[in-house]
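Engineer: Take this structure, written in structure tokens, and hold onto it; I'll ask about it next.
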Amino acid sequence: NISFKYYKDAFARLEAFKADEFDFIHENVSKNWARSYLGKAFTSGERLKEEFPNSNPAGMQGYIFNLRNPIFKDKNVRKAILLAMDFEWMNRQLFYNQYIRSYSFFTNSQMAAQGRASDAEVALLNEISTKINKTYNPDILGPVPIPPNNKEKNSLRINLRKAKNLLELAGWKIEKGVLVNEEGKIFKFEILLDSRGWERVVAPFSRNLKKLGITAKTRVTDISLYKKRIDNFEYDMLVHWYLSSQNPGNELSFRFGSSAADQRGSDNFIGLKDPFVDEIIKKILLSKKRRDLISASRLLDRILLFGYYVIPHWHNKVHRVSYDKDLVKPKNFPLYYGAEDWAMSSWWWSGEIKK
């Protein structure tokens, strides 16, 4: 028999696990994994702690711009704000170097765009351009933009200078430490959150934006109000994870299609309305061959990345798992799997049966 226990509090859940109230736990919080899986149960070997490798598609988690807010309409503005996020500092100081920067809406999968556009992508883009009678920016065919890094000395300062120049191109300049436009409008926005745990993650990002004269504040709400606000698109920016699979499908229309941009409760959090995106999604849904699906998905990824609609976050390639010593797992790991599902379907109990 397999039973589940639910805890309202993450601390209580972990302490209950250490006290042998249940036998298997999957940890999502890097801080907990680095600092809390300690104590007698682990030193004695009663509880084991391991990281299980996987090849699961990571999708795209990030800060989502709401283009319904006029201050985010200019791509130079979005790109400038992206430059202010120092992932390397956050990974080192907050995440104990457990994460990898995400780079695609289909991170860690065949569908992720890479380098310059392939011949198939170019042909498809030209076909769509002719069909809808619209031109495209040829830069889209060049190397895919990758998130900036701050590994080298003074990298953040250099990126913030680039951001300042981009903001000036968009008509914003710093006056008395505050970013304003020609009409005197102050550049400020709110990041909507559903958990206070995100506040410590947003804080260094906000500090860097402050150096550009931008005020970014957080608003944490309970889950019901959060749901109501995102359903009505009442936010400037939010944190969201666009999950992906090995075979993208109908979810793309709901996330990025023009018809969903004004549909209450849709996942088009960006407010994106792009005829090229609409046509590419149609191609993905109608693909009969794997190679056509891959080419169309990579082209979609390329266009979304060039739009700077999302500030990419991070992912990892392991499941962080702790379990009772009497639980035994197979020697070989599957490629694509959820830790809990795999354990329930393939692990077995080698010790005495608990009452």
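Engineer: Kindly establish whether residue 103 is in contact (Cβ under 8 Å) with a residue 40 or more places away in the chain, more than 27 Å from residue 86 (Cβ to Cβ) and of a type in the set (Phe, Trp, Tyr).
Structural biologist: When the stated conditions are applied, residue 103 does not pass them.
Engineer: Hey, which of the helices (runs of 4 or more DSSP H) in the stretch 140-232, taking only ones fully inside, have at least 1 residues that are closer than 19 Å to residue 308 by Cβ and open to solvent by 40 Å² or more (accessible area, probe 1.4 Å)?
Structural biologist: Once the helices (runs of 4 or more DSSP H) in the stretch 140-232 are filtered for at least 1 residues that are closer than 19 Å to residue 308 by Cβ and open to solvent by 40 Å² or more (accessible area, probe 1.4 Å), what remains is 155-169.
Engineer: Further question on the same structure: Looking at (1) in a loop (DSSP other than H, G, I, E, B); (2) open to solvent by 30 Å² or more (accessible area, probe 1.4 Å), which one does residue 79 not meet, given that it meets all the others?
Structural biologist: (1)
Engineer: Which one of these is in contact with a strand residue (DSSP E or B) (Cβ under 9 Å, 6 or more places away or on another chain) and under 18 Å from residue 303 (Cα atoms): 65, 42, 22?
Structural biologist: Matching residue, one of 65, 42, 22: 65.
Engineer: Turning to a different aspect of this structure: Within the set of pairs 6+ apart or on separate chains, which have a first residue in the stretch 111-125 that is touching a residue at least 12 places away in the same chain (Cβ under 8 Å), a second that is in a loop (DSSP other than H, G, I, E, B) and among the hydroxyl-bearing types (Ser, Thr, Tyr), and C-beta atoms under 8 Å apart?
Structural biologist: 111/104; 111/244; 112/103; 112/104; 113/104; 125/136
Engineer: If you scan the stretch 279-291, which residues turn out to be charged (D, E, K, R) and open to solvent by 70 Å² or more (accessible area, probe 1.4 Å)?
Structural biologist: Scanning the stretch 279-291 gives 282, 283, 288, 289, 290, 291.
Engineer: Conditions: (1) over 23 Å from residue 133 (Cα atoms); (2) in contact with a Ser or Thr (Cβ under 9 Å, 6 or more places away or on another chain); (3) open to solvent by 40 Å² or more (accessible area, probe 1.4 Å); (4) part of a loop (DSSP other than H, G, I, E, B). Residue 254 meets all but one. Number of the miss?
Structural biologist: (4)
Engineer: Mind checking which residues of the stretch 330-355 are buried (at least 16 other Cβ atoms within 10 Å of the Cβ) and either touching a helix residue (DSSP H, G or I) at 6+ places or on another chain (Cβ under 7 Å) or part of a helix (DSSP H, G or I) (or both)?
Structural biologist: Listed by number, the residues that qualify are 339, 342, 343.
Engineer: With the checklist (1) under 15 Å from residue 81 (Cα atoms); (2) in contact with a Ser or Thr (Cβ under 9 Å, 6 or more places away or on another chain); (3) surrounded by fewer than 20 Cβ atoms within 10 Å (Cβ to Cβ) in hand, flag the one item residue 246 doesn't pass.
Structural biologist: Only one criterion is unmet by residue 246, namely (1).
Engineer: Let me ask something else. Show me the helices (runs of 4 or more DSSP H) found entirely inside the stretch 1-75 where at least 2 residues are within 30 Å of residue 235 (Cα to Cα).
Structural biologist: On the way: elements: 10-18, 30-35, 40-43.
Qualifying helices (runs of 4 or more DSSP H): 30-35.
Engineer: Before we move on, is residue 169 under 24 Å from the mean Cα position of the chain (by Cα) and touching a residue at least 24 places away in the same chain (Cβ under 8 Å)?
Structural biologist: In short, no.
Engineer: Continuing with this model, one more query. Mind checking which residues of the stretch 23-33 are open to solvent by 30 Å² or more (accessible area, probe 1.4 Å) and at pLDDT 95 or above?
Structural biologist: 23, 24, 26
Engineer: Determine, yes or no, whether residue 12 is over 16 Å from the mean Cα position of the chain (by Cα) and open to solvent by less than 60 Å² (accessible area, probe 1.4 Å).
Structural biologist: yes
Engineer: May I pose another question? Can you tell me how many residues in the stretch 140-161 are modelled with pLDDT under 95 and charged (D, E, K, R)?
Structural biologist: 3
Engineer: Moving to a separate point now. Could you list, in sequence order, all residues of the stretch 87-106 that are outside any helix (DSSP H, G or I), open to solvent by 20 Å² or more (accessible area, probe 1.4 Å) and not aliphatic (A, V, I, L, M)?
Structural biologist: Selection gives 96, 97, 98, 99, 101, 103.
Engineer: Does residue 129 meet the test of being farther than 19 Å from residue 65 by Cβ, among the polar types (S, T, N, Q) and either in contact with a Leu (Cβ under 9 Å, 6 or more places away or on another chain) or surrounded by fewer than 21 Cβ atoms within 10 Å (Cβ to Cβ) (or both)? Working first, answer last.
Structural biologist: Working: farther than 19 Å from residue 65 by Cβ: yes; among the polar types (S, T, N, Q): yes; either in contact with a Leu (Cβ under 9 Å, 6 or more places away or on another chain) or surrounded by fewer than 21 Cβ atoms within 10 Å (Cβ to Cβ) (or both): yes.
So residue 129 passes the test.
Residue-wise test of (1) modelled with pLDDT of 95 or more; (2) out of contact with any helix residue (DSSP H, G or I) (no Cβ under 9 Å at 6 or more places or on another chain); (3) closer than 26 Å to residue 56 by Cβ.
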position	(1), (2), (3)
71	yes, no, no
78	yes, no, no
86	yes, no, no
92	yes, yes, yes
100	yes, no, yes
122	yes, no, no
138	yes, yes, no
163	yes, no, no
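Engineer: Still on this structure: Look at the stretch 257-268 and say how many of its residues are open to solvent by 10 Å² or more (accessible area, probe 1.4 Å) and part of a loop (DSSP other than H, G, I, E, B).
Structural biologist: Selection size over the stretch 257-268: 5.
The values are calculated or read from the model by the stated rules, or taken from the named source; none is laboratory data. Note that the structure is a prediction, hence the values are computed from the model and not measured. Cβ coordinates were reconstructed from backbone atoms using ideal geometry, including for glycine residues, and neighbour counts include every protein chain displayed. Keep in mind that these areas ignore ligands, DNA and RNA; they rest on the heavy atoms of the full protein, side chains included. Shrake-Rupley method; radii C 1.70, N 1.55, O 1.52, S 1.80 Å.
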